[in-house]
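Participant: Sending over a structure as C-alpha cells; questions will come in a sec.
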Amino acid sequence: MDAIETAKEKMAKTIAVLHRDLSSLRAGRANAQVLDRIMVDYYGTPTPVNQVGNISSPEARMLVITPYDPSVLNPLEKAIQKSDLGINPSNDGKCIRLIFPELTEERRKELAKTIQKKGEESKVAIRSIRRDAIEQIKKAQKDSEITEDDRKKLEDQAQKLTDSHIKDIDKIVSDKQKEIMEV
C-alpha cells in the first residue's frame, strides 16, 4: 500500500532533519557544521560560509575561516555575530578565528533541554505522518479498495513503523545529550 511507503519515506526524512538539527549544536568542541546555517551577504547573494572560504580546525576548540576573497571578511564577521552561535569572531585582516569556550554546566543543561525539545518535535511529526497514513488506509477501505482485514494489517504496520522511528528518535536524543553532558 502506498500509504505505508509514503509514511516510511516521510519518517526517514524527519529523522534526517533531526540529525541535521542536532549536528549544528556544539558540544564544546569546534565543529565546522555549526556554520552550515549561517549565510554571508556575498555581493548581494546569501551564500553559505563554507562556499566563501576555507574552514579549518587547528585546535580542538577553534575554527579558522580563511575567505577566498578578502573583501568578504567583514560581511562574514557580521553574519557570525548576528547568528545564534554566541561566539564573538576575531578578525585579523586575513582570516576569522572562532574560539569555542568550554561549556558551563548551565549551558550544557540548556542544550540538553533544546535537544529534548527537538526530539519531541520530531516525535510529533512522526505521529502526524502515522495519522495521515491511517486516514489514507481508512479512506481506501471506505472506497472498497481494501478489506477490513487489510485495513487492520496496514494500520498495524503503520503503528510498528511509528514505534520503530520513535525508538530511533529516543536513541538519537539520548546519545546527543550524553555527548553534551560529558565534560
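The values are calculated or read from the model by the stated rules, or taken from the named source; none is laboratory data. Keep in mind that this is a model prediction, so the values were computed, not measured. Because the Cβ atoms are built from the backbone with ideal geometry, glycine has one as well, and the counts that use them run over all protein chains shown. Only protein heavy atoms, including side chains, enter the accessible area calculation; ligands, DNA and RNA are left aside. Shrake-Rupley method; radii C 1.70, N 1.55, O 1.52, S 1.80 Å.
Participant: Could you tell me which of the residues Thr104, Thr66, Thr45 is surrounded by fewer than 18 Cβ atoms within 10 Å (Cβ to Cβ), over 30 Å from Gln136 (Cβ atoms) and in contact with a Cys (Cβ under 7 Å, 6 or more places away or on another chain)?
Facilitator: Thr66
Participant: So, one more: Give me the pairs: first residue in segment 38-66 and in contact (Cβ under 8 Å) with a residue 40 or more places away in the chain and more than 20 Å from Arg20 (Cα to Cα), second residue open to solvent by 70 Å² or more (accessible area, probe 1.4 Å) and among the hydrophobic types (A, V, I, L, M, F, W, C), beta-carbon distance under 8 Å, and six or more apart or on different chains, which are they?
Facilitator: Pairs that qualify, where the first residue is in contact (Cβ under 8 Å) with a residue 40 or more places away in the chain and more than 20 Å from Arg20 (Cα to Cα) and the partner is open to solvent by 70 Å² or more (accessible area, probe 1.4 Å) and among the hydrophobic types (A, V, I, L, M, F, W, C), are Arg61/Ile99.
Participant: Take the residues of segment 125-142 that are open to solvent by 90 Å² or more (accessible area, probe 1.4 Å) and under 15 Å from Glu9 (Cα atoms): which is nearest to the chain's Cα centre (by Cα)?
Facilitator: Arg127
Listed here are the residues, each with its yes/no results for (1) within 30 Å of Asn50 (Cβ to Cβ); (2) charged (D, E, K, R).
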site: Pro70; (1), (2): yes, no
site: Asp84; (1), (2): yes, yes
site: Asp92; (1), (2): yes, yes
site: Arg97; (1), (2): yes, yes
site: Arg130; (1), (2): no, yes
site: Lys138; (1), (2): no, yes
site: Lys142; (1), (2): no, yes
site: Ile169; (1), (2): yes, no
site: Ser174; (1), (2): yes, no
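Participant: Residue check, Glu145 against (1) open to solvent by 30 Å² or more (accessible area, probe 1.4 Å); (2) closer than 19 Å to Leu22 by Cα; (3) part of a loop (DSSP other than H, G, I, E, B), all met but one. Which one?
Facilitator: Failed condition: (2).
Participant: On the basis of being among the charged types (D, E, K, R), surrounded by 14 or more Cβ atoms within 10 Å (Cβ to Cβ) and either at pLDDT 90 or above or more than 30 Å from Asn50 (Cβ to Cβ) (or both), does Lys117 make the cut?
Facilitator: no
Participant: Take segment 45-69 and flag every residue that is small (Gly, Ala, Ser) and modelled with pLDDT under 85.
Facilitator: Once the filter is applied, which keeps residues that are small (Gly, Ala, Ser) and modelled with pLDDT under 85, segment 45-69 yields Ser57, Ala60.
Participant: Look at segment 165-179 and say how many of its residues are surrounded by 17 or more Cβ atoms within 10 Å (Cβ to Cβ) and over 16 Å from Arg127 (Cβ atoms).
Facilitator: Total satisfying the criteria: 3.
For (1) in contact with a strand residue (DSSP E or B) (Cβ under 8 Å, 6 or more places away or on another chain); (2) surrounded by fewer than 17 Cβ atoms within 10 Å (Cβ to Cβ); (3) aliphatic (A, V, I, L, M), each residue gets a yes or a no:
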residue: Ser90; (1), (2), (3): yes, yes, no
residue: Glu110; (1), (2), (3): no, yes, no
residue: Lys123; (1), (2), (3): no, no, no
residue: Glu155; (1), (2), (3): no, no, no
residue: Asp163; (1), (2), (3): no, yes, no
